[in-house]
Each structure stands twice: as C-alpha cells, then as structure tokens.
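Asker: One structure is given below, represented as structure tokens, and several questions about it will come after.
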Amino acid sequence: MRPQRPPDFFTREYRIAFTLVELLAVIAIISLLIALLLPAIQAARESGRRAGCLNNIKQMSHGMQLFNESLGVLPPAPSDCCHGTWLVALLPYMEEQNVFQAYIGFGAKGASTPAAPWYHLTPNTAVTTKQFSFATCPSDQISTFPSSPPLTKHNYAVNYGNTGIDASSALNSTTMVTPYGYKIVQSYNGVTFAGAPFESGKKVPVARIRDGLTNTLLLSEFVNGISRNSSNFDVRGLIWWGDNAGFSAYLAPNASAPDVYAQANYCQHPHTNNPPAVVATSALNAVMYGARSRHPGGVGVAMCDGSVHFVADSIELSVWRDLSTTAGKETTVLP
C-alpha cells in the first residue's frame with residue numbers, strides 16, 4: 001500500500017477553525033455562565049462582608065463591656081454636639097490609647113475653648129480624621145465629611161432609645177444658646193421614652209438596665225451619607241458629632257420613613273444612594289436617625305450582654321422599640 005503523505009498544516013488540506021456562528025454560540029454560552037455565576041459570587045462576597053461587619057460589632061460590644069468592668073458604667077452619651085462621643089471614650093478599649101490621649105476636652109460642655117476644643121478643631125482633628133477599621137462596615141463605601149481637614153465617617157451607632165432628641169435642644173447644643181445640652185423627647189406620637197443605655201449626658205450603669213441585658217439593644221449600624229462639597233453634604237456617619245452618634249428605635253431598621261435632622265443644611269445632598277431625610281418642622285419634632293445598613297434584608301446589632309445578631313428589616317416595629325428601652329418593663333426577646 002502506498003503510504004499516505006502526512007497532512008500539510010500550511011495548506012487547505014488541514015485546517016481547524018470556528019465559523020462565525022460557532023464563535024458567537026461560544027460567546028453566548030460563556031456570557032450565560034457568567035450571568036448565572038455572578039449573583040452567587042456577589043452573594044458570597046456580601047456574606048463575607050456581613051460576617052466582617054458583625055465581627056466589628058462584636059469587638060466594640062466587648063470593648064464596652066471592658067469599659068463597664070473598669071469604670072462601672074457604659075461609655076457616656078454626649079452632653080452636647082461637639083465635645084466627643086462614645087467612639088472617643090471607647091478608643092482605649094480598642095487598643096487605641098495613644099489616639100485617645102491626643103483628644104482634648106472630652107466630655108466638656110458649651111463653647112469651644114483652648115482647653116476643650118470641639119471635635120473638628122485642632123488638636124482634636126488628629127483623632128477625628130482617622131478611619132478606624134473596627135468601626136467601618138465593609139459593605140459601605142468609605143466617605144468623609146467635607147470640612148478642612150476632611151473628617152472621617154463610620155458605620156456604628158449606640159442605642160439612644162425609642163424617641164429622639166428635642167430639636168430645639170439639638171440646635172441650642174450646636175449654637176451654644178443656653179441651656180446647653182441635649183434633651184430627650186419624653187413622648188412622641190404615642191411612644192413614651194423608657195430609658196436607654198446611652199441617655200444624653202448620663203453614664204448608665206449596666207445594673208440600671210432593668211429590662212435585662214439580653215433584651216436590650218446596645219448598638220447597631222449606620223450608613224454613610226454621601227456629600228458633594230462643604231456646602232452640599234450629608235452628615236450621616238459623622239459619629240464624632242453628638243446628634244449623629246446614636247440611632248433611634250422609633251424608626252424600624254432600614255425604614256422607608258425618613259431620618260429627621262435639626263436643620264436643613266445637614267442634609268443638602270439628595271444623592272440617590274443616601275437614605276431618606278427630612279428637616280424637623282418645629283422644636284416639637286424629635287431629631288432621630290434610624291439603624292440602617294448596606295446589607296440586604298437587615299442590620300447587625302449587639303445586645304447589652306455582648307451577643308451579636310442580624311435583625312431582619314421585617315421585625316415588628318413594636319418589638320424593635322421594646323428592645324431599645326432599659327426600663328420599659330417588657331420581656332421582649334429577639335425573634
């Protein structure tokens with residue numbers, strides 16, 4: 001038999017190639033596989049981010065327990081707008097003692113002075129321009145407040161109770177009109193204030209939480225409001241500032257109902273990614289910010305016993321409010 005000549009790779013006798021139709025079919029199949037896999041990949045990434053967020057909450061709740069063991073009380077709620085919040089007080093218990101010592105005048109009240117400058121003034125900007133990873137949710141974008149220098153925003157807020165701050169006292173605290181200091185709204189639209197772990201100007205002992213540590217919210221999440229510039233901004237996430245350092249359980253988690261600001265220039269940038277907000281229409285309105293997150297379906301929380309949970313947006317509002325009080329005489333537990 002006559003031997004066959006091997007195929008010539010450089011002639012038309014041996015040629016392998018895709019037709020245009022075959023190539024388009026392959027591209028379509030690959031695109032379909034990507035479309036099917038992408039949501040799963042994104043969900044896995046978000047699951048990891050949520051776990052990181054809950055770990056942050058766990059770390060901070062542990063820091064607050066150490067604070068209580070050391071001083072017999074939880075970190076103090078702010079007395080006014082500008083002399084430091086729970087985040088400053090917590091720094092030594094989050095391995096940031098040197099940073100804490102750089103903050104001057106913590107816990108003072110009234111106008112800014114050289115001995116007690118406000119949070120946005122030198123030398124306190126050495127602290128308030130720092131981004132702390134333990135207080136930053138991985139699911140939210142890092143944002144700053146457009147001051148000079150830019151101040152950092154963070155993602156966690158303590159429990160201010162079930163009503164809010166009286167709007168007139170919030171403005172007085174900012175403008176330093178007498179009397180200084182925040183005033184809690186005692187009753188708002190049928191909801192009666194029944195104590196909070198972080199009540200304005202007070203240092204709350206854990207023993208005073210009569211509703212039970214397991215049944216009382218300690219802290220939850222905030223989202224960062226996106227700002228455009230120094231005249232077009234959103235203050236949410238600026239937890240160096242007293243108004244903004246706590247959440248109100250009057251609003252449900254990730255509520256469609258808006259947060260309430262003391263004055264219009266606090267929410268001048270209606271970015272599509274910013275939560276809803278309105279301005280208090282009178283001094284009788286309660287200034288409040290709801291617990292909000294970038295996680296689908298709910299928010300992370302810590303209870304006063306240090307346990308950490310993910311609370312669904314669908315939680316009954318009455319249950320959520322009950323969990324925020326320290327002396328409401330409820331026996332409500334997380335579902």
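Asker: Identify the single condition in (1) closer than 18 Å to L213 by Cβ; (2) surrounded by 12 or more Cβ atoms within 10 Å (Cβ to Cβ) that G72 does not satisfy, given that it satisfies every other one.
Answerer: Tallying (1) closer than 18 Å to L213 by Cβ; (2) surrounded by 12 or more Cβ atoms within 10 Å (Cβ to Cβ), G72 fails exactly one: (2).
Asker: Does N98 qualify as being at pLDDT 95 or above, buried (at least 24 other Cβ atoms within 10 Å of the Cβ) and polar (S, T, N, Q)?
Answerer: no
Asker: Could you please find all residues in the stretch 210-237 being at pLDDT below 95, assigned to a loop (DSSP other than H, G, I, E, B) and not small (G, A, S)?
Answerer: R210, D211, F222, V223, N224, I226, R228, F233, V235, R236
Asker: Further question: Can you work out which of the residues in the stretch 198-230 that are out of contact with any His (no Cβ under 7 Å at 6 or more places or on another chain) and among the β-branched types (V, I, T) is farthest from F106 (Cα to Cα)?
Answerer: T214
Asker: Another question about this same structure. For the stretch 125-136, state whether one or more residues are outside any loop (DSSP other than H, G, I, E, B), touching a Phe, Trp or Tyr at 6+ places or on another chain (Cβ under 7 Å), over 30 Å from D322 (Cα atoms) and not hydroxyl-bearing (S, T, Y).
Answerer: Scanning the stretch 125-136, I find at least one residue that is outside any loop (DSSP other than H, G, I, E, B), touching a Phe, Trp or Tyr at 6+ places or on another chain (Cβ under 7 Å), over 30 Å from D322 (Cα atoms) and not hydroxyl-bearing (S, T, Y), so the answer is yes.
Asker: Still on this model: Only one of I104, I41, I57 is of a type in the set (V, I, T), modelled with pLDDT under 80, closer than 30 Å to G237 by Cβ and surrounded by 10 or more Cβ atoms within 10 Å (Cβ to Cβ); which?
Answerer: I41
Asker: I would also like to ask the following. Just to be sure I understand, how many residues within the stretch 137-159 are over 13 Å from A245 (Cβ atoms), assigned to a loop (DSSP other than H, G, I, E, B) and either in contact with a Lys or Arg (Cβ under 9 Å, 6 or more places away or on another chain) or touching a residue at least 60 places away in the same chain (Cβ under 8 Å) (or both)?
Answerer: Qualifying residue count for the region: 10.
Asker: Hey, another quick one. Check the stretch 318-334 and report whether any residue there is part of a loop (DSSP other than H, G, I, E, B), under 18 Å from the mean Cα position of the chain (by Cα) and more than 24 Å from A167 (Cβ to Cβ).
Answerer: No, the stretch 318-334 has no match at all.
Asker: Is it fair to say A302 is aliphatic (A, V, I, L, M) and in a loop (DSSP other than H, G, I, E, B)?
Answerer: So A302 fails the test.
Asker: Mind checking whether some residue in the stretch 239-257 is acidic (D, E), within 27 Å of G105 (Cα to Cα), in a helix (DSSP H, G or I) and touching a Pro at 6+ places or on another chain (Cβ under 9 Å)?
Answerer: yes
The values are calculated or read from the model by the stated rules, or taken from the named source; none is laboratory data. These numbers were taken from a predicted model, which means no experiment stands behind them. No Cβ is skipped: glycine too gets one built from the backbone with ideal geometry, and neighbour counts run over all protein chains shown.
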